[in-house]
1. List the residues, sorted by chain then number, that are 5 or more residues from residue B:138 or on another chain and whose placed amide H is less than 5 Å from its amide H.
2. Would you work out the charge dipole size for chain B about its Cα centre, treating the Cβ of every Lys and Arg as +1 and the Cβ of every Asp and Glu as -1, and quote it to the nearest 20 debye?
3. Which distance in nm do the two modelled labels at residue A:272 and residue B:569 give, with both placed 7 Å along the Cα-to-Cβ direction?
4. If B:2, B:655, B:146, B:559 are ordered by their accessible area, calculated over protein heavy atoms with a 1.4 Å probe, which sequence runs from highest to lowest?
5. If contacts are Cα pairs under 8 angstrom and at least 6 residues apart, what is the relative contact order of the range B:279-557 in percent?
6. To test your reading of the geometry: what angle, between 0 and 90 degrees and rounded to tens, separates the Cα axis of helix B:259-268 from the longest principal axis of chain B?
7. At 15 angstrom or more along the helix axis (alpha-carbon based) and mean Kyte-Doolittle of 1.6 or higher, what helices does chain A contain? Whole DSSP H runs only.
8. Farthest toward the dipole's positive end in the range B:265-334, which of B:302, B:326, B:273, given Cβ charges of +1 (Lys, Arg) and -1 (Asp, Glu) about the Cα centre?
Amino acid sequence: MIERFVSVIGQAAMVLLFSPLIAGLGKALKARLQTRRGPGVLQPYRDLYKLLRKGMVIPDTASWIFPLTPFVLFSTTLLAGLLIPAVSAQAPLSLFGGVLAVVYLLALGRFFLALGGLDAGTPFGGLGSSREMTISAIAEPALMLAVFTVALGAGSTNLSSMAKAAVGQSWHFLAPSQMLAFAALFIVLIAETGRIPVDNPATHLELTMIHEAMILEYSGPYLALIEWSAAMKQMVLMTLLINVFFPYGLSADASPLGMTVSILLFAAKLAALASAVVLVETANAKLRLFRVPELLAVAFVLSALALISTFLFGSRG
Amino acid sequence: MWPLRELYSAGLGAFALGIAGGIAAHFGLRSAQRISSLFSVFALIGSLLEGAAAVGGLRSGGAILWAVPSGVPYLTYVVRLDALSSFFVLTLALVGAGVAVYSAGYGKHGAAAKNPALFGALLNLLLAAITLVFTAGDVMFFLIAWEAMVAAAYFLVVTDHEQAESRNGGMLYILMSRAGTGMLFVGFLLLAAPAGSTDFRALHFTGQHLPGGFGSLAFLLLFLGFGVKAGIIPLHIWLPAAHPVAPSNISALMSGIMIKAGIYGMARVFFDFYGALPVWAGMIVLLVGVISALLGVLYALMEHDLKRLLAYHSIENIGIILMGFGAAMLFRSYGHPDLAALALIAGLFHTLNHAIFKSLLFLGAGSVLHATHTRNMEEMGGLIRRMPATALYFLIGAVAISGLPPLNGFVSEWLTYQALLGGFGATTEIARVAFPIAGALLALTAALAAACFVKAFGIAFLALPRSASAAQARETAPAMRAGMAMLALCCVLLGLGATWFLPVFDPITNQAFGIAAGHRLVSGNGAILSAGSAASGTVSTLMLAVTLVALSALPLIIWLIWGRRGRSVTGPTWDCGLPGLTSENEYTATAFSKPLRMIFSVLFRPRREIQAEYEISPYYPKAIHFESEIEPTFEKNVYEPLKDGILRVARRVRWIQAGSLHAYLAYIFVTLILLLLFAVRG
């Protein structure tokens, strides 16, 4: 019981405290790749601290949905972070829900965020909400099919079982079904976290933005919660990708040495994946909104191929 | 001992009192207006009593209540409350009770106010007829109850018969229903003839033993016949025409429970009358489910009429239910009763859940319609401030229908996913690939549904009012709010308490597959839902909800530590420097769904027309006229040619109806001779 409690607190603290670092790492690396000096790695922490201490302007047209949204978003994202295995194959709250619960908790947060975007009545909020719901909807089948392919191999939608099944097999990730599913999920990751080429997190040009348009009316602590949730969501999805496909080094026991090694490995893998996202972001231009469905269709085809190769070569193949 | 028979007949008696009293009041009393809410009380009492009877039926595993011979050949009044019937009667009771309470406040409004007593009588008649449909244990008796239901619903749809839209919707509904009943008639005859009996008990597991192609033919006819009522695509076109024009409490009953009569019929046929069906049968049901779900939600997204939008969502959810049913049929064909039981539970649970949240949403739409006098979402807006209670209940329904945790829609969709995933291991044929793909399309459907309800709630309830009538909207009567509150509470309880509800399905799966599967889905300390060994996975909506509430305290704490310095002020929304934000700046429902209209333009074939008037330069338009419409694919490409064909044939054969009595007598004579010959030969 105590052990369970410690692991919940530990993972919650890790998701809360490390997620801004990953966001900061990405920003710093991107600046370097664009030969800018850019902000420091710790800039997101400074931003959050500053926003939390600021005052807020609440639109006079908004209802109680507007203040509720940051809390719903924050708690659903954090809870999703507690359902996935991070440094240990056993996720802290694994029994409360598997990968379906993770996907649907994030969807619940998005549902309220989109309502929050519409609540103030500005056209930008509506524009952002409309695009966010559209893109997440067409990303959904690719996401689910890829997840299903992995779940079928593991025989469970429970993420801890999926990670354990993957740990047990060396060179598992070289199987065609795994590589295809990983490619599909990588595209979905880019779409879901609002990176180039789907959305540009750095823009405030109204015709190109999606996520930023939705949260345009938020300020101060509410904005801090939303930014923080976005960082956590990115970390949750990256962790999902890492530990389902490359779970090597997940600690099997709770010994201090084993935990330290797996925490370091986990951090290294997160950094590597974040760098890959940044490389994609730097090397590509943003797609026109109506080209995004084509990209996500590619993801769906990749995951369908992953499924079919599972059928052809067997789930362990 | 549960007094099954007494409760059941008392419930029907309450409905009968409502019918008789309503008719008497309509013709006898001029002041029927004053006692109109009395008929809702009868409906409420009847629903509650039937609900109690259904609980008894589920506990005892079911019983024959009556078997009274009528004196007419092949017609016996068999009333049976077995597990499956009890489950559907329970669904009816929950929906009926909520709608009855709501109706007590609603009767004074709209078209129903013109003949409140007659309206009350028809409401009771509809509930009584559906109860009989669910409990009839004999083919002929079932069809009689079925037709009574169709007729009662027709009269209720055309309540507002001064509007052409109502008359047309009602006509389309009755035409399609007649076609459906025709198919049911033939299907049941094919099924009952070899069994030599029309009693449902005699038909148990007989379908697959029919000679030759008759088994398949009967299956197809019954599937299509019930499919018309359920609203499967492509037989759905009456549904978005008839549901929105009915008074809203009737829309709630129709979408909530009446289309479930089609689902009940399918469950009865697929899992009671037929044993293991061939694989293609299950595949057809699964495919129709996927298509109905996906197209239903896509058409819903394009609607700006709040009630039509909800009607299309009924088609979507019928599709999700049929995905569960189709999977269950396939698993039985492949010889996996445990998986089949899981899939059947998923389908049936979604039937109940959809009944509750859809009637809740229709009641909410009714309140909005009453307050704003429009069904057009583009003329609503800002209602959350003027109708806070309605907005809250509608939001609960919207979260539930979008399949989001921790409400009831999530639980049944989760079960459907688990069943579909388990299907991959059920066979080694290529057909196994169909299950995860169906799961992925279910995910797409659910995500689109979420988008649609962000649109529905966001455009109708949030931001600024988009018309004068929306600005003057007022909260609805207490009884209407109470009815919605009851259904919203059901959404929450069935979501959080799903594990305590699941054992209800034990007798049903036991009857169909010989496995009491419901309680096996509960693991741990009773709060955790587990998909079982075949398709592993766990979820606990209760624990998720508790943790969510606990975690949302965290930002409050963080805020209290650091954030107290800042001051929160309310200010005007930024409007790009224009003089004040007005409703004309707001994003519209049309704009919201535009990206999806573009992405799925192959299906929608959208057409738009923009006319602008300029005065000085093209940058300063004086007036803009925008028109956008999508092509009604099925109406145009399937039903138009069909209608033309029927009319052409009718013109050809018109000469038979010559108007001469002698000719008609000759027809009768010839028919008689032919029948006699047939009888002698046979």
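1. Sorted by chain and number, the residues that satisfy this are B:78, B:200.
2. So the magnitude is around 420 debye.
3. Taking the two extended label points, one gets 5.1 nm.
4. So, going from the largest accessible area down, we get B:655, B:2, B:559, B:146.
5. After rounding, I find 22 percent.
6. Between helix and principal axis, roughly 50 degrees.
7. Length and hydropathy pass: A:65-83, A:99-119, A:176-192, A:256-283, A:292-313.
8. The Cα lying farthest towards the positive end belongs to B:273.
The values are calculated or read from the model by the stated rules, or taken from the named source; none is laboratory data. What you see is a predicted model; the values in this text were computed from it and never measured. Cβ coordinates were reconstructed from backbone atoms using ideal geometry, including for glycine residues, and neighbour counts include every protein chain displayed. Heads up: the accessible areas ignore ligands, DNA and RNA and are worked out on the full protein's heavy atoms, side chains in. Shrake-Rupley method; radii C 1.70, N 1.55, O 1.52, S 1.80 Å.
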